[in-house]
Amino acid sequence: MKLNLVCIPGDGIGPEIVAEAKKVLNRVAEKYGHEIIEKDILMGGASIDVHGVPLTEEAIAQAKAADAVLMGSIGGDTNTSPWYQLPPNLRPEAGLLALRKALNLFANLRPAYLYEELAAACPLKEEISRAGFDMLIMRELTGGLYFGERKTVEENGVRKAIDTLTYDENEIRRIAIKAFEVARKRRGKVTSVDKANVLDSSRLWRAVVNEVAADYPDVTLEHMLVDNCAMQLVKDPAQFDVILTENMFGDILSDEASMVTGSIGMLSSASLNDTKFGLYEPSHGSAPDIAGKNIANPIATVLSAAMMLRYSFDLDKEADAVEEAVRKVLKEGYRTADIMSEGCQKVSCSQMGDLLSERI
Ligand code: NAD
C-alpha cells in the first residue's frame, strides 16, 4: 500500500520525536511491504521564522493533498519566545487552529491506557490501578459551547455574559458514527456522555446516538451523565472502552483521563474528518525546556503513528505491531527520563526509537 504522508516536525522537541516516529514507520513499511511517501511542511514557530506566518496557504494545500498528517508539536516558551510578542493570529498556535479548520477535523480521539509497567505513575489507589484501563475519548471538536454565539452586555448597570450551546442532528450523527466505527476496532462498547437531565442539546444528542446505534447491533451502547462520568473515571476507569461526548465535556474529561495515566509522554491523539483523513499528534506540547537534548519521550508520537495506520489506512495488524513494540520495550525495562524508575535502564529519545524499530 502507498502511504502518502505529510509530516510537521514543528518546534521544540517536535523534530526529535517525529524523527523517531518516522524511523518506526519506515521499519513497518519495510516489514509489511508498504511504500511511504513523506513530505515535511513547516508550521508554528518554524514557519514564522521562515515565512513570517505560522502556516502558509501552500502548506495547507500540501496537507490537504496527503492521506494523513503526522505532527510533533508546535510552540515555544510562552514567557520568553519572541513568537509570543506577535499578535494572536500570527502566533504558533494559530497555525494549528487554521489547519484543523481547513481540514474540517471534527472528531478528536484521545486514548488513555495504563501500562502495567508504569502503574506506579497512576495517581489512583492501587486496588483501582491494578485492574488497569484502556479507554478512548471521542470528543466533538467543532461545535457546542466553544463555537456558539456569545456576547457580554450591560442591563440596568449589571454586566451579563451569554454563551450558547448549539448542536444540530447532523453534527451529532457524524461524530456518533465515528465512535461506533472506532468501537468496532476495539472492545465494542460506547458510553455516550451528556447532561440529558438538564440540557435540550443533550436530549437531542441522546436521541441521535440511539438512532445511530441501531445500525451497530454488535456494539453495546450505554448513556451516562457527565457528572457521574467524571466520578467513574477515577472510581472504576476499567469499565470504559469508547467515551463519546460533546466538545466542552470532552475537553474536561479527556484531561482527567490523561491525568490518571500519569505519563504525559505516552499519550497519543488523532483528529479526524468524515473521510479517512486524520491529523495525528501527541497530546503533549513542544516541551521547550528539554528541546535539543535528545531526552524527550517519543512514544506518544510513535503511538500517534500507530493510530494513523489503524484509522487512516485500516492497517490494524501494523498498528498492533507498533503498540506491541511499545509494550515489549517497557517490559524489558527501557525508559526515557520522564518515565524512569529504579531498576530500569535510561535511554535517549533516539535510542528509544531504535529499540522500538528493532522490535517491529
Ligand atoms: P508541554 O506538554 O510542552 O510540557 C509540560 C511538561 O512535560 C514539561 O516539563 C515537558 O518537559 C514535559 N514533557 C512534555 N512532553 C514530553 C515528552 N515527550 N517527553 C518528556 N517530557 C515531556 O506543555 P507546556 O510546557 O505547557 O507547553 C510548551 C509549549 O507547547 C507551549 O508553547 C504550548 O503552547 C505548546 N503546546 C503545543 C501543543 C500542540 O502542539 N498541540 C499542545 C500543548 C502545548
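The values are calculated or read from the model by the stated rules, or taken from the named source; none is laboratory data. The structure presented is a predicted model; accordingly, all values stated were derived computationally and were not measured. Cβ sites come from the backbone with ideal geometry, for glycine too, and all protein chains shown count toward neighbours. Heads up: the accessible areas ignore ligands, DNA and RNA and are worked out on the full protein's heavy atoms, side chains in. Shrake-Rupley method; radii C 1.70, N 1.55, O 1.52, S 1.80 Å.
List of remarks:
- Residue in region 340-354 that is of a type in the set (S, T, N, Q) and more than 16 Å from the ligand (Cβ to nearest atom) present: yes
- Output for region 156-173, where each listed residue is in a loop (DSSP other than H, G, I, E, B) and either open to solvent by 80 Å² or more (accessible area, probe 1.4 Å) or in the same structural domain as residue 105 (by TED's automatic domain parsing) (or both): 156, 166
- Index of the failed condition, residue 132 passing every other in (1) under 22 Å from residue 271 (Cα atoms); (2) within 22 Å of the chain's Cα centre (by Cα): (1)
- Scanning region 295-307 turns up no residue that is crowded, with 19+ Cβ neighbours inside 10 Å and modelled with pLDDT under 95.
- Residue that is farthest from the ligand (Cβ to nearest atom) [pool: residues in region 298-312 that are over 16 Å from residue 7 (Cα atoms) and touching a residue at least 60 places away in the same chain (Cβ under 8 Å)]: 310
- Only one of the listed residues (322, 326) is closer than 16 Å to residue 305 by Cβ and more than 16 Å from the ligand (Cβ to nearest atom). That residue is 322.
- Taken together, 117, 127 contain a single residue that is closer than 27 Å to residue 193 by Cα and over 21 Å from the mean Cα position of the chain (by Cα), which is 127.
- Taken over region 252-289, the criterion of being more than 14 Å from the ligand (Cβ to nearest atom) and either farther than 22 Å from residue 121 by Cα or at pLDDT below 90 (or both) is satisfied by 272, 273, 274, 275, 276, 277, 278.
- Test set (1) out of contact with any Asp or Glu (no Cβ under 8 Å at 6 or more places or on another chain); (2) open to solvent by less than 50 Å² (accessible area, probe 1.4 Å) - residue 356 fails condition number: (1)
- Within the set 98, 19, 102, 46, the sole residue that is within 14 Å of the ligand (Cβ to nearest atom), modelled with pLDDT under 95 and more than 29 Å from residue 260 (Cβ to Cβ) turns out to be 98.
- The condition (being within 11 Å of the ligand (Cβ to nearest atom) and more than 21 Å from the chain's Cα centre (by Cα)) is satisfied by just one residue among 78, 56: 78.
- Sub-7 Å Cβ pairs linking a first residue in region 84-109 that is assigned by TED's automatic domain parsing to the domain that holds residue 285 and over 16 Å from residue 270 (Cα atoms) to a second residue that is surrounded by fewer than 16 Cβ atoms within 10 Å (Cβ to Cβ) and not charged (D, E, K, R), at least 6 apart or interchain, are 84/78; 94/88, ordered by first then second residue.
- Within region 322-343, the set of residues being open to solvent by 30 Å² or more (accessible area, probe 1.4 Å) and either part of a helix (DSSP H, G or I) or more than 21 Å from residue 291 (Cβ to Cβ) (or both) comprises 323, 324, 327, 328, 331, 332, 334, 337, 338, 341, 342, 343.
- Some residue of region 116-134 being of a type in the set (Ser, Thr, Tyr), within 16 Å of the ligand (Cβ to nearest atom), in a helix (DSSP H, G or I) and open to solvent by less than 20 Å² (accessible area, probe 1.4 Å): no
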